[in-house]
Structures are given as structure tokens and as C-alpha cells.
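Peer 1: Just passing along the structure, written as C-alpha cells.
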Amino acid sequence: MNIGDTIPEVLGLDAEGGEVKASDFAGKPLVIYFYPKDNTPGCTAEACSIRDGFDAIKAAGYTVIGISKDSPASHVKFADKYSLPFILLSDPSTEVNQAFGVWAKKKMAGREYMGSLRTTFITDADHRITDIITKVDTKNAAAQLLPLLSK
């Protein structure tokens with residue numbers, strides 16, 4: 001996905017396993033962030049940074065949605081453990097990751113595998129992408145976001 005594109009309709013599965021759609025957030029600008037895995041150091045730092053900046057993000061009028069391949073049950077535990085006040089969606093088939101263009105070959109410790117590229121998309125109220133953050137500073141994710149939300 002690129003700046004100016006409209007996001008896909010299907011965004012993932014909620015805590016009960018129900019399908020969540022972009023139209024469920026009609027007229028609301030969104031912050032959609034893709035992350036590799038619940039309860040890993042970088043993903044936890046990113047989620048906690050967004051949690052800590054959540055009031056300012058919400059005050060700017062945005063709804064926050066985190067998406068990963070983890071199961072809805074994993075998301076519930078992750079959100080409870082870190083008191084995350086925003087929506088976490090599950091994408092077990094990686095269809096949403098693929099639609100956003102963030103499912104890609106990665107390398108770690110000399111091995112290659114497919115995984116989510118840590119990426120944040122910001123949309124306007126019509127769900128057109130206005131900004132994309134590809135180099136996410138996990139410890140300062142909210143600070144990275146906030147200047148873009150007040151444009």
C-alpha cells in the first residue's frame with residue numbers, strides 16, 4: 001500500500017474471532033500498526049509506547065488498531081498483561097498483512113523466513129493512507145506518530 005491508497009475492507013479478527021472491517025470505523029481516521037509477535041521485546045516496547053501516548057492519539061481523533069499473525073487468545077493475554085487500551089486484531093492467514101504489503105521475507109541469525117514487517121499506516125477519515133512509517137522506533141512509537149496526526 002502507498003500514500004493515497006484506500007485500505008482494504010477486511011482488517012482481521014477480533015478477540016471473539018469475528019471479522020473486523022474498515023467500514024466498522026466509518027468516518028474515523030485510523031492508526032494501523034503491523035507488528036511481528038505478541039510478548040517479544042520490540043513489539044512490547046512499541047505497544048507500551050502507543051499505550052502511553054494513547055490519550056494524545058485519541059484526542060487527535062484517531063482509532064488505533066494493532067495487527068499481527070498471533071491468535072485472538074494471544075492478543076487478549078497481551079492486551080491484559082500490558083493494559084493496552086486499543087484494538088488488537090489477528091491475521092492468522094496473513095491475508096491482511098499481504099494486502100498491506102507488509103508480509104515479506106526476513107532474515108535473522110542467518111535463516112530466512114516469512115514475517116510481518118513492522119510498519120505503521122495512518123489514514124484520514126475516508127481511510128486513505130496519509131502517512132507510512134517503515135522505520136518504527138519501538139520505544140518511541142507514539143512520539144513518532146503524534147506529529148503526523150496534527151498535520
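The values are calculated or read from the model by the stated rules, or taken from the named source; none is laboratory data. This is a predicted model, so every value here is computed, not measured. Cβ placement follows ideal geometry from the backbone for every residue including glycine, while neighbour counts extend to all protein chains displayed.
Peer 1: Of all residues being surrounded by fewer than 16 Cβ atoms within 10 Å (Cβ to Cβ) and outside any helix (DSSP H, G or I) in the stretch 61-74, which is farthest from the chain's Cα centre (by Cα)? Just the residue, please. Quick ask: steps written out before the conclusion?
Peer 2: Here is the first cut: in the stretch 61-74, the ones surrounded by fewer than 16 Cβ atoms within 10 Å (Cβ to Cβ) are 61, 71, 73.
Cutting the leftovers down to outside any helix (DSSP H, G or I) gives us 61, 71.
Numbers: Gly61: 16, Ser71: 15 Å.
The residue in question is Gly61.
Peer 1: Going through Ile87, Ile132 one at a time, which residue ends up being crowded, with 19+ Cβ neighbours inside 10 Å and not basic (Lys, Arg)? First the steps, then the outcome.
Peer 2: Values: Ile132 fails: crowded, with 19+ Cβ neighbours inside 10 Å.
From the options Ile87, Ile132, the qualifying one is Ile87.
Peer 1: Test of understanding: among Leu13, Leu30, which residue is more than 11 Å from the chain's Cα centre (by Cα), buried (at least 19 other Cβ atoms within 10 Å of the Cβ), of a type in the set (A, V, I, L, M) and over 22 Å from Tyr113 (Cα atoms)? Steps first, please.
Peer 2: Working: Leu30 fails: more than 11 Å from the chain's Cα centre (by Cα).
Among Leu13, Leu30, only Leu13 is more than 11 Å from the chain's Cα centre (by Cα), buried (at least 19 other Cβ atoms within 10 Å of the Cβ), of a type in the set (A, V, I, L, M) and over 22 Å from Tyr113 (Cα atoms).
Peer 1: Please go through the stretch 1-40 and pick out each residue that is farther than 17 Å from Asp91 by Cβ and free of Cβ contacts under 8 Å to residues at least 12 places away in the same chain.
Peer 2: Within the stretch 1-40, Ala26 is the sole residue that qualifies.
Peer 1: With the requirement that a residue be touching a Cys at 6+ places or on another chain (Cβ under 9 Å) and in a helix (DSSP H, G or I), what does the stretch 75-88 give you?
Peer 2: Phe78, Tyr82
Peer 1: How many residues are within 25 Å of Ser49 (Cβ to Cβ), of a type in the set (A, V, I, L, M) and at pLDDT 90 or above if we restrict to the stretch 96-109?
Peer 2: 3
Peer 1: If a residue must be touching a helix residue (DSSP H, G or I) at 6+ places or on another chain (Cβ under 7 Å) and under 14 Å from Tyr62 (Cβ atoms), how many such residues does the stretch 122-145 contain? Before the answer, list the steps.
Peer 2: The first filter runs over the stretch 122-145 and keeps only residues touching a helix residue (DSSP H, G or I) at 6+ places or on another chain (Cβ under 7 Å), leaving 122, 127, 131, 133, 136-142, 145.
Filter once more, so that each one left must be under 14 Å from Tyr62 (Cβ atoms): 122, 127, 131, 133, 141-142, 145.
Adding up the residues that qualify gives 7.
Peer 1: Here's another thing I want to ask about it. Among the strands (runs of 3 or more DSSP E) contained in the stretch 110-150, which hold 3 or more residues that are at pLDDT below 95? Please lay out each step first, then the result.
Peer 2: On the way: elements: 111-116, 119-123, 129-133.
Ranges flagged: 111-116.
Peer 1: OK, next. Based on this model, can you work out whether Ala73 counts as among the aliphatic types (A, V, I, L, M) and farther than 17 Å from Arg118 by Cα?
Peer 2: Values: among the aliphatic types (A, V, I, L, M): yes; farther than 17 Å from Arg118 by Cα: yes.
Spelling it out, Ala73 is indeed among the aliphatic types (A, V, I, L, M) and farther than 17 Å from Arg118 by Cα.
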